[in-house]
Amino acid sequence: MRARAGQGRLEKILGIETSCDETAAAVVADGRTILSNVVASQVKLHAPYGGVFPELASRQHMRDIVPVVRQALADAESDWQGLSAIAVTYGPGLPGALLIGVNMAKGLSLATGLPLVGVSHLEGHLYSTWLDGEPTFPYLALIVSGGHTELVYVTDHGQVKVLGATRDDAAGEAFDKAARLLGLGYPGGPAIETAAKDGDPSALRLPVAVTESPFDFSFSGLKTALVRALERGYRSADLAAAFQLAVVRALVGGLERAMATHPAAELHLVGGVSANQALRAAAARLGLPLRCPAPALCTDNGAMIAAAGYWARRRGRESNLELEVEPGLGFPE
Ligand code: KG4
Ligand code: ZN
């Protein structure tokens, strides 16, 4: 029997996410209410490498995906008949990692008759702010994570204009590389943020890169500057504080320039780096209402995928068993 979203019934969607180093599944009702949110993090597995090791990630997703999905259903006290659809991340991300989630979702769709909806990891992050609020369009959002640094203008559901992106390293990647240089461990973002608390950012000045487009970012020069400063013998805490300040200035500068040309009702910060308090504080000073997800929803999770799947289905998106992974995917309509 094919389960369908009936009249007056909550639309419960199972969201599956395996694009990077988190195996995640969640059940969300009507794109808003989280009924369960299970995340098996691989952070410890990748820590010795100072970054995500793709082959290891795929193998761990294989081990974790079935128990994680089972747990998400159990926590939501739902059976398959209680669901309306299965949403899954099909890009962007690591090809081998994405494949585990997509194949799982396809198998489940085939076995249960539930419709399948493919979701972009980026629109997933964007919808993390819809899980505990009712945003007002239009808004400017920064998607800042280990793999992404996108500045986008969102005028409606499915209407996302990418204004700018990083020319080299992603913001989170920059934090991870800097932490490795400073011997602070992985993941680098939280490590730098903690170290920076005891540091004086004005002890040295790190450059904020200028890019051709006012909405693009570049972090590789900053990394080189950090290497030089390290050789000059600055304190680790001061280096961490100056580095964090330079990244925050670059990101918030992009938002500020975008505000001048794109009328916005709100600002959103999403993705792993949006957990950074210095970034939040600087963005809050720009003068528009600021929306950031709860800490557990900043990093990769299945709930944001289920929420994005809900809104995509309302616009008529439906995938089928031919859904293929798209490692370079952007924002589907
Ligand atoms: O969204 P996410 O879990 O995974 C990707 O899609 O990449 O983001 C992980 C990234 C890592 O690079 C991590 O260092 C960074 O987010 N991050 C932070 C903080 N917490 C996590 N960066 C800066 N400050 C933080 N507090
Ligand atoms: Zn992510």
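Here, each number is a calculation from the coordinates, and none is a lab measurement. Because the structure is a prediction, the values reported are computed rather than measured. All Cβ positions, glycine included, derive from the backbone under ideal geometry; neighbour counts span all protein chains shown.
Net charge around TYR186, counting only other residues with Cβ within less than 12 Å of its Cβ (Lys, Arg = +1; Asp, Glu = -1)?
0
Given 4 °C and 1.567 mPa s, how large is the Stokes-Einstein diffusion coefficient of the range 203-333 in µm²/s, with Rh as the Kirkwood radius over Cα pairs?
Working: Rh = 17.6 Å.
In µm²/s, the coefficient is 73.
Per DSSP H run of at least 4 residues, take -39500 (n - 2.57); add these up for the chain, divide by its residues and hand me the 222 nm value, nearest 500 deg cm²/dmol.
Numbers: 11 runs with 134 residues, N = 333.
Computed mean residue ellipticity for the chain: -12500 deg cm²/dmol.
Using just the Cα positions, wrap the range 232-298 in a convex hull and report its mean projected area in square nanometres, one decimal place. Before the final figure, lay out the partial values.
Numbers: hull surface 21.5 nm².
With the hull built on Cα positions only, its mean projection is 5.4 nm².
What nm value, rounded to one decimal, do you get for the distance between LEU230 and VAL210 when each label is placed 7 Å out toward the C-beta?
According to this spin-label approximation, the distance is 2.8 nm.
Give the dimensionless ratio obtained when the Cα radius of gyration of the chain is divided by 2.2 N^0.38 Å.
Details: Rg = 19.9 Å, N = 333, 2.2 N^0.38 = 20.0 Å.
In units of the globular-protein estimate, the chain measures up at 0.99.
Based on the Cβ-Cβ distance of LEU45 and THR261, what FRET efficiency does E = 1/(1 + (r/R0)^6) give at R0 = 35 Å, to the nearest 0.05?
It comes out at approximately 0.20.
Would you please put 204-211, 43-50, 69-76 in order of how densely packed they are, using the mean number of other Cβ atoms within 10 angstrom per residue and starting with the highest?
Working: 204-211: 15.6, 43-50: 12.8, 69-76: 18.2.
By packing density, highest mean first, the sequence is 69-76, 204-211, 43-50.
By how many nm would the segment from ASP200 to ALA111 lengthen if fully extended, with 0.36 nm per residue of separation less the alpha-carbon distance? Could you put the intermediate results ahead of the total?
Details: separation 89, 0.36 × 89 = 32.04 nm, distance 5.75 nm.
The ASP200-ALA111 span can extend by a further 26.3 nm.
Working out 0.36 nm times the residue gap between ARG167 and GLU333, then minus their Cα-Cα distance, what length gain in nm do you get to one decimal? Before the final figure, lay out the partial values.
Values: separation 166, 0.36 × 166 = 59.76 nm, distance 2.42 nm.
Difference between extended and current length: 57.3 nm.
Could you derive backbone 3J(HN,Hα) for the range 91-108 from the dihedral phi with the Karplus parameters 6.51, -1.76 and 1.60 (θ = phi - 60°), listing whole Hz in sequence and x where the residue is Gly or Pro?
x, x, x, 6, x, x, 6, 4, 4, 5, x, 5, 5, 4, 4, 5, x, 5
Any chance you could tell me what percent of the C-alpha pair distances in the range 1-142 go past 19 Å? Intermediate values should be presented prior to the final figure.
Details: 5213 of 10011 pairs.
Result: 52 percent of Cα pairs exceed 19 Å.
Expected output is a single nm value to one decimal: the length gained when fully extending between GLU322 and THR136, i.e. 0.36 nm times separation in residues minus the C-alpha distance. What is it?
63.5 nm
Starting from one equal scatterer on each C-alpha and no solvent at all, send me the Debye-based log10 I(q)/I(0) for the range 75-157 at q = 0.22 Å⁻¹, two decimals.
Values returned for q = 0.22 Å⁻¹ are -1.11.
With angles folded into 0 to 90 degrees, how steeply does helix 236-261 sit against the dominant principal axis of the chain? Use alpha carbons for both and round to 10.
60 degrees
Against the empirical 2.2 N^0.38 Å scaling, what ratio does the C-alpha Rg of the range 171-214 come to? Mind showing how you got there, number by number?
Values: Rg = 12.1 Å, N = 44, 2.2 N^0.38 = 9.3 Å.
With N residues counted in the range 171-214, Rg over 2.2 N^0.38 Å equals 1.31.
List the relative contact order of the range 86-131 as a percent without decimals, with contacts defined as Cα pairs under 8 Å and 6+ residues apart.
Working: 46 pairs, mean separation 22.3, N = 46.
Computed value for the range 86-131: 48 percent relative contact order.
Can you list, bin by bin at 10 Å, the percent of alpha carbon pairs in the range 52-99, starting at 0?
22, 44, 28, 6
According to a simple spin-label model (label point 7 Å from Cα along Cα-to-Cβ), what is the distance in nm between ARG9 and ASP30?
Label at ASP30, label at ARG9, 1.6 nm between them.
Looking only at Cα atoms, what is the convex hull volume of the range 102-238 per residue, in Å³? Present the calculation step by step, with values, prior to reporting the outcome.
Details: hull volume 22.5 nm³, N = 137.
About 164 Å³ per residue, rounded to a whole number.
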